[in-house]
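> One structure coming up, written as structure tokens, with questions to follow.
The values are calculated or read from the model by the stated rules, or taken from the named source; none is laboratory data. Everything numeric in this text was worked out from a predicted model, so none of it was measured. All Cβ positions, glycine included, derive from the backbone under ideal geometry; neighbour counts span all protein chains shown. Each accessible area value is taken on the protein alone, full model and side chains, heavy atoms only, with ligands, DNA and RNA left out. Shrake-Rupley method; radii C 1.70, N 1.55, O 1.52, S 1.80 Å.
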Amino acid sequence: MADTAATASPLQPAPGKKTFWNETRRSRLTAYTFISPFFILFSIFGLYPIFFTIYLSFFKWDALGPMKYVGFKNYELITSDPTFWISFSNTILMGLMGTVPQLIVALLVAVMLNSALNKYKNTFRVLYFMPNITSIVAVTLVFSTMFGNNGMVNWVLNSFGLESVPFNSGWWGVKIAISTMVMWRWMGYNAIIFLSGLQSIPTDIYEAARIDGASRWQQLINITLPLLRPFILFVTLVSTIGALQLFTEPYVFLGQGGTGSTRQEGVTMVTYLYSEAFKNGFFGTAAATAVLLFIATIIFSLLNMMLSSRMGGDTGGEKA
């Protein structure tokens with residue numbers, strides 16, 4: 001009798017292996033089906049706007065008529081516009097003024113909240129985090145009243161015999177007011193991030209340092225900061241990206257009507273972009289501005305990462 005099993009092709013999988021392969025493929029298909037909504041929505045609302053913005057930056061379009069290809073003309077127009085460069089410098093200045101003091105204060109607040117002597121640390125955590133969940137428009141309106149010509153801040157300055165500061169019209173006054181809003185809003189959020197990092201540091205390290213006679217300042221410099229480097233990198237990176245995307249605070253503070261959002265003392269790259277698109281009807285130059293802002297965000301993010309990695313290498317210790 002001929003053995004049919006012996007004549008089977010060696011390339012064909014055994015029945016058991018074929019069943020296993022089918023079950024594995026079916027389980028993978030089920031997993032991809034469950035996670036597909038995220039990728040579909042991300043492609044529609046994330047990837048498509050990015051590529052369409054890059055595509056639109058090479059066209060002249062008013063959102064109503066046909067699109068006309070102009071090449072790099074939009075980039076030439078915005079880079080030759082003095083207002084664009086003013087918006088760029090304002091974005092960098094207000095980013096530094098609102099981010100650097102904010103990170104320093106947030107770290108000090110996190111250290112204070114992490115102290116075992118603070119009996120009401122949970123209450124203070126909630127209070128510091130509250131500004132982050134408050135409406136930006138509401139915060140800006142409150143600060144607009146505080147920094148007005150007859151507001152509370154000028155009243156305090158006058159009480160000490162100082163002259164009033166034009167916070168809503170002066171070149172530096174506007175930047176100070178907006179930077180203060182940014183600092184007040186995000187300081188608590190960054191403090192919570194730093195606090196989670198502090199709580200991940202083993203207490204045995206601090207106990208050993210205290211036994212060796214290290215002061216609190218030495219513990220902060222030699223233990224806390226090096227071990228907090230990943231958290232500092234994250235907070236700095238997120239704060240940098242947020243500073244480059246500053247929009248609501250200057251837009252509401254300087255007035256929503258007319259040309260308030262493009263006043264040169266407080267215009268940012270995003271308010272300049274918004275005005276080009278929705279006030280002037282130049283969606284091509286607005287898209288080109290968005291592309292340059294995207295490139296600037298990548299450059300500053302890479303600089304932050306390079307600086308942080310270099311600092312981490314300096315504190316990593318030397319070979320024995």
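> In what sequence, largest accessible area first, do M152, M146 appear using a 1.4 Å probe?
Working: M152 105, M146 50 Å².
So the residues, ranked largest to smallest area, are M152, M146.
> Further question: Probe radius 1.4 Å, ligands and nucleic acids ignored: give me the carbon and sulfur share of the accessible area of region 170-297 as a rounded percent.
Here it works out to 65 percent.
> Please check: in the Gaussian network model of the chain (C-alpha springs, under 10 Å), which one of L157, L254, L246 has the largest mean-square fluctuation.
In the Gaussian network model the winner is L157.
> Only Cα pairs within less than 10 Å get springs; with that Gaussian network setup on the chain, which residue of N222, N304, N22 has the largest fluctuation?
N22
> Out of these labelled values of percent of Cα pairs over 24 Å apart, (1) 61; (2) 69; (3) 53, which was calculated from the coordinates shown here?
Correct label, based on the coordinates given: (2).
> Further question on the same structure: Using each residue's phi in region 153-162, evaluate 6.51 cos²θ - 1.76 cosθ + 1.60 at θ = phi - 60° and report the 3J(HN,Hα) Karplus result to the nearest Hz, with x for Gly and Pro.
Result, ordered by residue: 5, 5, 5, 5, 4, 5, 5, 9, x, 9 Hz.
> On to the next question. In square angstrom, what is the accessible area per residue of region 83-311 with a 1.4 angstrom probe?
I get 52 Å² per residue for region 83-311.
> For the chain, what does the helix formula give at 222 nm: sum of -39500 (n - 2.57) over DSSP H segments with n ≥ 4, over the residue count, nearest 500 deg cm²/dmol?
-21500 deg cm²/dmol
> Solvent-accessible area of W171, probe 1.4 Å, all protein chains present, reported in Å² to the nearest ten, please.
Accessible area of W171: about 110 Å².
> Applying the Karplus parametrisation 6.51 cos²θ - 1.76 cosθ + 1.60 with θ = phi - 60° to the phi angles of region 121-127, what ³J(HN,Hα) value in whole Hz is obtained for each residue in order, glycine and proline being reported as x?
Here the 3J(HN,Hα) series is 5, 5, 5, 5, 4, 5, 5 Hz.
> Could you give the dipole magnitude of region 83-311 about its Cα centre, charging the beta-carbon of Lys and Arg +1 and that of Asp and Glu -1, in debye to the nearest 20?
Numbers: 11 positive and 7 negative charges, 51 e Å.
With Lys and Arg at +1 and Asp and Glu at -1, about 240 debye.
> Just the accessible area for I211, please: 1.4 Å probe, Å², rounded to the nearest 10?
My reading of the accessible area for I211 is about 140 Å².
> For a quick protection proxy, order the peptides 34-44, 188-198 by their average other-Cβ count within 10 Å, most packed first. All intermediate terms of the calculation are to be shown ahead of the outcome.
On the way: 34-44: 9.8, 188-198: 21.3.
Packing proxy ranking, top to bottom: 188-198, 34-44.
> Putting +1 on Lys and Arg Cβ atoms and -1 on Asp and Glu Cβ atoms, find which of L157, L237, L141 reaches farthest to the positive end of the dipole of the chain.
L237
> If I fit a long axis through the Cα atoms of helix 15-42 and take the longest principal axis of the Cα atoms of the chain, what angle between them do I get, 0 to 90°, rounded to 10?
20
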